[in-house]
Amino acid sequence: MFHTVVAGVIAAITGFASSFALVIAGLLAVGADETQAASGLFALCIATGVTCIVLPLVMRLPVSFAWSTPGAALLVAAAATTQEFAAAIGAFIVCGVLIVLAGLWPALGRAITNIPKPIASAMLAGILFPICLAPVAAAVEQPAIAVPMVLVWLLLARLAPRWAVPAAMLVAVIGIGVLAGPAVLASDAVRPQLQLVAPVFDPFVIVSLGVPLFIVTMAGQNVPGFAVMSTFGYRLAPRPVLVTSGAASVAAAFAGGHAINLAAITAAIMASPESNPDPARRWVATFTSGIVYLLLGAGAGLAAAVVQASPPIIITAVAGLALLGALVTSITGALEEPAHRITAIGTFLVTASGIAVAGIGSAFWGLVVGGVLMLWLRPRAGSTARRVREPSPESSPVGREPETAHE
């Protein structure tokens, strides 16, 4: 049982340390001040902790939750969409309601998860790409902090991959502390507090932020989360998971939290045999992680103060290191089918451009362009028939390169 508790502690610390800076940066990007950003992180810790405690107790399964990391990346990318935090709060609430509806109305969940993989993956890759460029820029702009941070990440990526990002974050925090000095602790936001914000439901912000946030949270987190649990033999019913996480997201949104979802990477730590040989007892790990998240929430104010004191490029660079794996997976998924590669690249380019048209951000337009390209470039029935009758050299086994497996 000791190993099970330790697995829960490691999962919570890893999940928090690897992406809290991205959450703060994302909330600041859509108009939050330092206190509101700290409140948002605190609210997410509470929502994650409570769901990780309640559902495992009820279901006796190692079902675990985390905040939406792709969603936080979307907030960073959506900086041009709005600087009114109340409007962002309204979009967060809409996202949470849609997650609840996806649990109650299976057709909605299927519609989102059936978005063609080249489009969904390319949109996510377009969101992540500018952030993953940040370590390169940081190494030039802030070499004293960025270069040691990247070297530590690179070393541990080889020796202890699970700790690579938290260690890089630690190096960054030390560097920021040296630059900023004791002033970091003088901020009023250091004390943990929840600050409620009255939402504003702006249709343009809902379309450009709320709907894409729902899509990336479902397609980029919930779907992989269910797959991870299935890998370890746990068949989760979607309804309780989605309704619980959606309701918790709505509650957290009023205090600045963007969204929570079924965990994927950290779930593998707690649901695997390494946590406990007995599958019936692994729920203790997720229960433990919930308690640790509640404790970590007390440090949300300090985390926000550190992020605020940092050169922005450093925080984005840490996030970029954390998201490299997700970027690789997204690009691989987007370009997997040769017939849809132009569609995927078009979606990627529009999303990565960061444009805002009619007040609506690039993630939405990426989806629109991807859908149009897929419809326009789909093979015609006649050409398909000719290809069936006359195989092309690429489809012939002669001279064809062997396929390679990938994750």
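Rounded to the nearest 0.05, what FRET efficiency do LEU349 and LYS117 have when you use their Cβ-Cβ distance and R0 = 25 Å?
0.90
So if each residue of separation counts as 0.36 nm, and I subtract the Cα-Cα distance between LEU170 and VAL243, what length gain in nm does that give?
22.8 nm
Once R0 is set to 25 Å, what does the formula 1/(1 + (r/R0)^6) return for the Cβ-Cβ distance between MET59 and ARG110, expressed as a FRET efficiency to the nearest 0.05?
Details: r = 23 Å, r/R0 = 0.91.
It comes to 0.65.
Which stretch or stretches of the stretch 322-338 have amide N atoms under 18 Å from the point lying 7 Å from ARG378's Cα along the Cα→Cβ direction? Only 337-338 fall inside the zone, counting backbone N under 18 Å. Counting only protein heavy atoms and using a 1.4 Å probe, the accessible area of ASP278 comes to about 60 Å². Couplings for the stretch 284-289, taken from phi via the Karplus curve 6.51 cos²θ - 1.76 cosθ + 1.60 with θ = phi - 60°, read 4, 5, 5, 4, 5, 4 Hz in order; Gly and Pro are left as x. Highest GNM mean-square fluctuation among PRO161, PRO238, PRO203, for the chain modelled with Cα contacts below 10 Å: PRO161. Distance between the 7 Å Cα→Cβ label points at SER230 and GLU337: 1.8 nm.
The angle separating the long axis of helix 85-104 from the principal Cα axis of greatest extent in the chain is about 60 degrees.
Using only the Cα atoms of the chain, what semi-axes does the equivalent ellipsoid have when each is the square root of 5 times a gyration tensor eigenvalue? Give whole Å, largest first.
On the way: eigenvalues 222, 127, 107 Å².
Working from the Cα gyration tensor, I get semi-axes of 33, 25, 23 Å.
Helix 143-159 axis versus longest C-alpha principal axis of the chain: approximately 70°, rounded to the nearest ten.
Would you mind putting 19-32, 214-227 in packing order, based on average other-beta-carbon counts within 10 Å, highest first? Can you show the working numbers first?
Working: 19-32: 25.6, 214-227: 23.4.
Result, highest mean first: 19-32, 214-227.
Taking LEU159, LEU196, LEU242 in turn, the Gaussian network model of the chain (Cα-Cα springs below 10 Å) assigns the largest fluctuation to LEU159. A cut-off of 5 Å between modelled amide H atoms, ignoring neighbours fewer than 5 places along the same chain, links GLY361 with SER208. Each residue, VAL140 and GLU274, gets one label point 7 Å from its Cα in the Cβ direction; the gap between the two is 3.7 nm. Taking 4 °C and 1.567 mPa s as conditions, the stretch 274-332 diffuses translationally at an estimated 88 µm²/s according to Stokes-Einstein applied to its Kirkwood radius (Cα pairs).
Under the classification rounded if a/c is under 1.5, otherwise prolate if a/b is larger than b/c and oblate if not, where does the stretch 197-343 fall, given a ≥ b ≥ c as square roots of the Cα gyration tensor eigenvalues? Before the final figure, lay out the partial values.
Details: a/c = 1.38, a/b = 1.10, b/c = 1.26.
Verdict is rounded for the stretch 197-343.
Enumerate the residues in the stretch 213-235 having an amide nitrogen under 20 Å from the point lying 7 Å beyond the Cα of GLU84 toward its Cβ. Backbone N within reach: 213. Backbone phi angles across the stretch 264-275, fed through the Karplus curve with coefficients 6.51, -1.76 and 1.60 (θ = phi - 60°), yield HN-Hα couplings of 10, 5, 5, 4, 5, 5, 8, 9, 8, x, 5, 6 Hz in residue order; Gly and Pro are listed as x.
When the chain is described by a simple charge dipole with +1 on each Lys and Arg Cβ and -1 on each Asp and Glu Cβ, the residue from ALA12, LEU74, HIS340 located farthest towards its positive end is HIS340.
How much FRET efficiency would the formula 1/(1 + (r/R0)^6) give for LEU179 and ALA298, where r is the Cβ-Cβ distance and R0 is 35 Å, rounded to 0.05? Spell out each step's value before the answer.
On the way: r = 25 Å, r/R0 = 0.71.
The value I calculate is 0.90.
The values are calculated or read from the model by the stated rules, or taken from the named source; none is laboratory data. None of the values given here were measured: they were computed from a predicted structure. When we count neighbours, we look across all protein chains shown, and the Cβ atoms used for this are built from the backbone with ideal geometry, even at glycine. All accessible areas refer to the heavy atoms of the entire protein, side chains included, with ligands and DNA or RNA removed. Shrake-Rupley method; radii C 1.70, N 1.55, O 1.52, S 1.80 Å.
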